[in-house]
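A.B. asks: Let me begin by handing over the structure; questions about it come next.
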Amino acid sequence: MKKRKTIDSFFQQKEHTSASQDHSPSNIEVSIPSDQQFNKSPTIDIDVSSLEPDPALRTPIWKYPVNQMDEIRRAYIKMRPYQPIKKEYPPTNFGNQNRRFQSHWFKKFTWLEYSLVKNAAFCFPCFLFEYKHPRNPAFTIDGFKYWKRVNDGDRCTFLMHIGCNT
Ligand SMILES: [Zn+2]
């Protein structure tokens, strides 16, 4: 009798924990009932509004269960690259000069994303198709903010990044 009581309270506790994680980025993993993982019909409803828009805060696609990855990818493609337009972005200091991210870069580099949280640039396709060991962590995990290297002729980091991926 005592044992059963312990198990019951364990489950109650677990339920409570998952409910309180409502706003965590990994919410999707938590909220989908586990019996659906074995359901072969591809009708998993991903709540797009629950997906994190800022590239610095997103859960990498490879961290989702395998059967959800395509759905998550489709949802993000629908959301388009995250390109928040601001008149002026925060400065980044290089020696004795300040450089800033420029919103017109979005027009030239349609795959480009900008994180307001990290004041750094990210790459949308790299995010969509990244695997566990990122080839380009600067554009998927760390974020790129060496603005001096943008539009620096052939050495432009954004141009070089496209080159690496085609
Ligand atoms: Zn990329």
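The values are calculated or read from the model by the stated rules, or taken from the named source; none is laboratory data. Not measured: the values here are computed from a predicted model. Note: ideal-geometry Cβ built from the backbone for every residue, glycine included; neighbour counts use all protein chains shown.
A.B. asks: Out of the range 142-166, which residues are assigned to a loop (DSSP other than H, G, I, E, B) and without any contact (Cβ under 8 Å) to a residue 60 or more places away in the chain?
C.D. replies: Matches in the range 142-166: ASP142, LYS145, TYR146, VAL150, ASN151, ASP152, CYS156, THR166.
A.B. asks: In a helix (DSSP H, G or I), under 15 Å from the mean Cα position of the chain (by Cα) and not acidic (Asp, Glu), is that true of PHE127?
C.D. replies: Yes, satisfied.
A.B. asks: Condition first: touching a residue at least 40 places away in the same chain (Cβ under 8 Å) and of a type in the set (D, E, K, R). Now tell me which residues in the range 128-141 satisfy that.
C.D. replies: Residues satisfying the conditions are GLU130, LYS132.
A.B. asks: Just checking, how many residues over the range 136-166 are within 9 Å of the ligand (Cβ to nearest atom) and either modelled with pLDDT of 90 or more or farther than 22 Å from LEU51 by Cβ (or both)?
C.D. replies: Number of matching residues: 6.
A.B. asks: Which of the residues that make up the range 113-136 are closer than 14 Å to TRP147 by Cβ and either surrounded by fewer than 22 Cβ atoms within 10 Å (Cβ to Cβ) or of a type in the set (Lys, Arg) (or both)?
C.D. replies: Across the range 113-136, the qualifying residues are SER115, LYS118, ASN119, ALA120.
A.B. asks: Could you check the range 50-65 and list, in sequence order, the residues that are crowded, with 16+ Cβ neighbours inside 10 Å and small (Gly, Ala, Ser)?
C.D. replies: Hit for the range 50-65 is ALA56, nothing else.
A.B. asks: Does ASP54 meet the test of being under 26 Å from PHE106 (Cβ atoms) and either modelled with pLDDT under 95 or not hydrophobic (A, V, I, L, M, F, W, C) (or both)?
C.D. replies: For ASP54, the condition - under 26 Å from PHE106 (Cβ atoms) and either modelled with pLDDT under 95 or not hydrophobic (A, V, I, L, M, F, W, C) (or both) - is met.
A.B. asks: Given the residues TYR76, TYR89, which is the only one that is surrounded by 14 or more Cβ atoms within 10 Å (Cβ to Cβ) and away from the ligand (no atom under 15 Å from the Cβ)?
C.D. replies: Result: TYR89 is the single residue among TYR76, TYR89 that is surrounded by 14 or more Cβ atoms within 10 Å (Cβ to Cβ) and away from the ligand (no atom under 15 Å from the Cβ).
A.B. asks: Restrict the check to the range 105-124 and report whether at least one residue is assigned to a helix (DSSP H, G or I), within 10 Å of the ligand (Cβ to nearest atom) and modelled with pLDDT of 90 or more.
C.D. replies: Yes, the range 105-124 has at least one match.
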